[in-house]
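Here the structure is laid out as structure tokens; the discussion comes afterwards.
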Amino acid sequence: MRDPESTEPLPGVSFVMPVLNERAYLEHAVSSVLAQDLDVPAELVLALGPSTDGTTDLAQRLAAADDRIRLVDNPAAHIPVGLNAAIRASRYATVIRVDAHSELAPGYAALALETLDRTGAANVGGVMHAEGRTPFQKAVARLYNSPVGLGGGAYHGGAHEGEAESAYLGVMRRVVLDEVGLFDESIRRGEDWELNLRIRQAGHRVWFDPRLSVTYWPRESWLRLARQFRATGAWRGELVRRFGRRNGLRYFAPPALVLLVGLAVVIGALQLTGVLTGIPSMIASAVYLPLAAYVLLVIAVAVAPGGGGIRQRLWTLLVLPTMHVSWGLGFLGGVLKGAGDTVDASRLGTRNTPLP
């Protein structure tokens, strides 16, 4: 244990994982952490939200079976609150964030520590490689791994190592986290981006290493996906309110699509009712061109090689616009009125896709 009078964390690795309603995924995520081969001491701190699907009981059984697992409470159920609780309870000098919906590749932690030492960075991240089990989840995963789906962030398939804007999950130096003040608990989504902004503003580097890979399991139903993306978009809108153009241009594409759809609906209604005719109508019809191009893009993605079976391809036709429109609607609401107490409601249910 760390001396309570000491401000220096002990050499070693603390994995931290916020958990809420993840019974079908938790054991696999925990196993991928405990299987990491390290030459330094390690622990896994689970921040337990008020789950309703038996996740807490499972976490307690896992902790009873392995003394490397420690539990802390996260009654607020919010991710940054849980992460901070786990970090404050941790003992070691390197903090590795893990998601209960993810699985670390073998050797992930050792390679990340090597990259931290080699680059001198404060935070290191790698590739989020999405996987699916059902046709729907496979369609979502394919779009997660595509720049068309999530906008081309480095951790969604980048191949070149170097400095980055943010890091997926993150392998972080505890002293830097203490310096910048941990996660901002007023931010419900995008908390990692905001933390990395403060890390960079403090003069430290955030680093992307494509050799680091984490398997991520997306949401298992259309409604859960739509809720997740609406909440994520709302918080990105909130971050734009707070930080303006520090947000990348790619974040503005989905709201632009939503605005185009809205404008097209209005123009179409005016044309059908005869309010808009003649040359003005012809000029206004130009709004349909980018929307037609978008429809063709969706179809092209669905029929492209690697799209899977017919059910997965059909789901792609629905999933891609769902991701963009839900995110865009959330973003516009977040920009106009703030995210408020918006949460990712997709995490609050009890349905999960059973593991094979």
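Couple of notes before you dig in:
- Residue match in the range 320-327 (condition: more than 19 Å from A141 (Cβ to Cβ), open to solvent by less than 80 Å² (accessible area, probe 1.4 Å), at pLDDT 95 or above and small (G, A, S)): no
- Matching residues in the range 172-221 - criterion: being open to solvent by 50 Å² or more (accessible area, probe 1.4 Å), within 27 Å of A105 (Cβ to Cβ) and at pLDDT 95 or above: R173, V175, R200, H204, R205
- Among residues of the range 274-296, those that are touching a helix residue (DSSP H, G or I) at 6+ places or on another chain (Cβ under 8 Å), assigned to a helix (DSSP H, G or I) and either among the hydroxyl-bearing types (S, T, Y) or within 26 Å of T322 (Cβ to Cβ) (or both), counted: 7
The values are calculated or read from the model by the stated rules, or taken from the named source; none is laboratory data. Only a predicted model underlies this, so the values are computations on that prediction, with no experimental measurement involved. In this analysis, Cβ positions are derived from the backbone assuming ideal geometry, glycine residues included, and neighbour counts consider all displayed protein chains. To get the accessible areas, we keep the full protein, side chains included, count just its heavy atoms, and leave off ligands, DNA and RNA. Shrake-Rupley method; radii C 1.70, N 1.55, O 1.52, S 1.80 Å.
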